[in-house]
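Visitor: Questions regarding the structure given below will be posed in turn.
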Amino acid sequence: MENEENNKQRKIIHIDMDAFYASVEQRDNPEYRGKAIVVGGSPEGRGGVVATASYEARKFGIRSAMPSKRAQQLCPDVIFIRPRFDAYKESSRKIREIFSRYTDLIEPLSLDEAFLDVTEDKQQIGSAIEIARLIKQAIKEELQLTASAGVSINKFVAKIASDLNKPDGLTFIGPSSIEEFMEKLPVEKFFGVGRVTADKMKKMGLHTGADLKKLSENDLRQHFGKAGGFYYKIVRGIDNREVQPHRETKSLGAEDTFAYDLTTIEEMNPELDKIAKTVHERLQKYGLKGRTITLKIKYSDFRQITRNQSFPYPVNALDIITETAKQLLVATYPEDKKIRLLGISLSNFNEIIPTEKPNNQLSLFDE
């Protein structure tokens, strides 16, 4: 029980920016303010995907990961904007600087969200709620953006809390409130519970945390595998995970979805040249070398495969990355198969320390 007691002493903040990409675009482009905008792929041709929708667009039912064509159907006047990742990364860097005024224990989850451990804050404020309020105020005044914050004694509850009163929310769930809060929480709100798992739970009569709480840990593990053990603990408010400011970078890469399906090597090789160049530039930026090169292929029917080759020594040379990816492609016999996406990544970094910490998966492996 000692670990649980230590866990209860923590002061954890989860900061989640509100419609981050869309908010940056509306801040930088006055003509977009107050309008329904989507940052993501164009609906033309086969169509792209929504990365972020402004709150004006969300009123029409537009959501992240929705096909852009569907977004256009829901709101014919919606404005589509190509992502400007450099602008988002720069805003993210400034947000991180604001965080660092209060703590060095910062765990970025993506460009637009992070956990902060303020159990011992730099300015000796003492109150996690006050620190969250000051962070939100600084983001609004200095960057003209809004963030929502969740405050609690562990990461799981803080993350859920940050989503309760968006946008521009600040929610505190204290130790005495956690179990009751978790019992009322719908199962689809639990971290790691996707649509398929939620449907499975509901068919079993499990609709809320209180329903999950009736099952033993063995029962949950039997039905949901290793995740069942996590559900057993979290519904009781137990989450001993620490905020990790130096999460290990496991892979780095780039991929591209094409405007039309590729069917010949002659079409695919130039695309691999461009993707490999992007990967090489990112490896150089972060000072990384990897021993494993992986090729990702997604076909027009959305079936996906990966092929990889490992080396006895770390590599990051452009020619090695390019040629290896092309050899892996040929080995899949791609001719006459319709390919909609190709990607290249490096992994197995042999504990080489990056010169600059990558921010998130989008910044490392985006289209």
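Visitor: Run a plain Debye calculation on the stretch 133-187 (Cα atoms as equal point scatterers, no solvent) and give log10 I(q)/I(0) at q = 0.13 Å⁻¹, rounded to two decimals, same order as the q list.
Guide: Once normalised to I(0) and log-transformed, intensities are -0.35.
Visitor: May I ask you to give the solvent-accessible area per residue for the chain, in square angstrom, as obtained with a 1.4 angstrom probe? Intermediate values should be presented prior to the final figure.
Guide: Details: 18500 Å² over 367 residues.
For the chain, the solvent-accessible area averages 50 Å² per residue.
Visitor: Using Cα atoms only, what is the angle between the long axis of helix 318-330 and the major principal axis of the chain, expressed in degrees (0 to 90) to the nearest 10?
Guide: Compared with the principal axis, the helix lies near 80 degrees.
Visitor: Give the label of the value calculated from the structure for Kirkwood radius over Cα pairs in Å, choosing from (1) 21.1; (2) 22.8; (3) 22.2.
Guide: Read-out from the structure maps to (2).
Visitor: If ligands, DNA and RNA are left out, what is the accessible area of residue 274 with a 1.4 Å probe, given in Å² to the nearest 10?
Guide: Per-residue accessible area (residue 274): approximately 120 Å².
Visitor: Computing the accessible area with a 1.4 Å probe over protein heavy atoms, can you report the carbon and sulfur percentage for the chain?
Guide: On the way: 9030 of 18500 Å².
Here it works out to 49 percent.
Visitor: While we're looking at this one, here's another question. Going down the list 35/59; 166/233; 89/289; 11/214; 202/298, which pairs span over 20 Å between their C-alpha atoms?
Guide: 166/233; 89/289; 11/214; 202/298
Visitor: Can you tell me, using C-alpha contacts under 8 Å and at least 6 residues apart, the relative contact order of the stretch 214-279 as a whole percent?
Guide: On the way: 26 pairs, mean separation 14.3, N = 66.
Computed over the stretch 214-279, the figure is 22 percent.
Visitor: Suppose a student asked you for the relative contact order of the stretch 151-208, using Cα pairs under 8 Å spaced at least 6 residues apart; what percent would you report? Don't skip to the answer; put the middle values down first.
Guide: On the way: 46 pairs, mean separation 15.2, N = 58.
Computed over the stretch 151-208, the figure is 26 percent.
Visitor: Applying the Karplus parametrisation 6.51 cos²θ - 1.76 cosθ + 1.60 with θ = phi - 60° to the phi angles of the stretch 216-222, what ³J(HN,Hα) value in whole Hz is obtained for each residue in order, glycine and proline being reported as x?
Guide: Couplings: 6, 4, 5, 4, 5, 5, 5 Hz.
Visitor: Whole-Hz Karplus ³J(HN,Hα) for the stretch 120-134, in order, using 6.51 cos²θ - 1.76 cosθ + 1.60 and θ = phi - 60°, x for Gly and Pro?
Guide: Karplus values, whole Hz, x for Gly and Pro: 10, 8, 4, 9, 6, 6, x, 9, 5, 5, 5, 5, 4, 5, 5.
Visitor: Residue by residue, what Karplus-based ³J(HN,Hα) values in Hz, rounded to whole numbers, does the stretch 290-296 have, using 6.51, -1.76 and 1.60 with θ = phi - 60° and x for Gly and Pro?
Guide: After applying 6.51 cos²θ - 1.76 cosθ + 1.60, I find x, 9, 10, 10, 10, 9, 10 Hz.
Visitor: Moving on to the next point. On a C-alpha basis, how far is the centre of the stretch 186-208 from the centre of the stretch 128-180 in Å? Whole number, if you could?
Guide: Centre-to-centre (Cα) distance: 25 Å.
Visitor: Separate question: Considering amide H positions built from the backbone, and no H for Pro or chain starts, which residues 5 or more places from residue 242, or on another chain, come under 5 Å of its amide H?
Guide: Hits under the 5 Å cutoff: none.
Visitor: Mind checking which of 95, 106, 178 has the largest fluctuation in a GNM of the chain, springs on alpha carbons under 10 Å?
Guide: Maximum fluctuation in the GNM of the chain, among the listed residues, is at 178.
Visitor: Mind telling me which of 252, 215, 134 comes out most flexible in a GNM of the chain, alpha-carbon contacts under 10 Å?
Guide: Comparing 252, 215, 134 in a Gaussian network model of the chain, the most mobile one is 215.
Visitor: Follow-up. Could you work out the relative contact order of the chain, using alpha carbon pairs under 8 angstrom and six or more residues apart, expressed as a whole percent?
Guide: After rounding, I find 16 percent.
Visitor: Something else about it: When the dipole is taken about the Cα centre of the stretch 239-326, and only Lys, Arg (+1) and Asp, Glu (-1) are charged at their Cβ, what size is it in debye, to the nearest 20?
Guide: Values: 14 positive and 14 negative charges, 83 e Å.
Using only the charged Cβ atoms, the result is roughly 400 debye.
Visitor: Hey, another quick one. Which value, in Å³ per residue, describes the convex hull spanned by the Cα atoms of the stretch 141-292?
Guide: On the way: hull volume 35.2 nm³, N = 152.
Each residue corresponds to 232 Å³ of Cα convex hull volume.
Visitor: For helix 265-286, report the angle its Cα long axis makes with the longest principal axis of the Cα atoms of the chain; keep it between 0 and 90° and round to the nearest 10°.
Guide: 50 degrees
The values are calculated or read from the model by the stated rules, or taken from the named source; none is laboratory data. Here the structure is a predicted model, which is why all the values come from computation and not from measurement. Glycine also receives a Cβ, built like all others from the backbone with ideal geometry; neighbour counts cover every protein chain displayed. We work out accessible area using only protein heavy atoms, side chains counted, and drop any ligands, DNA or RNA first. Shrake-Rupley method; radii C 1.70, N 1.55, O 1.52, S 1.80 Å.
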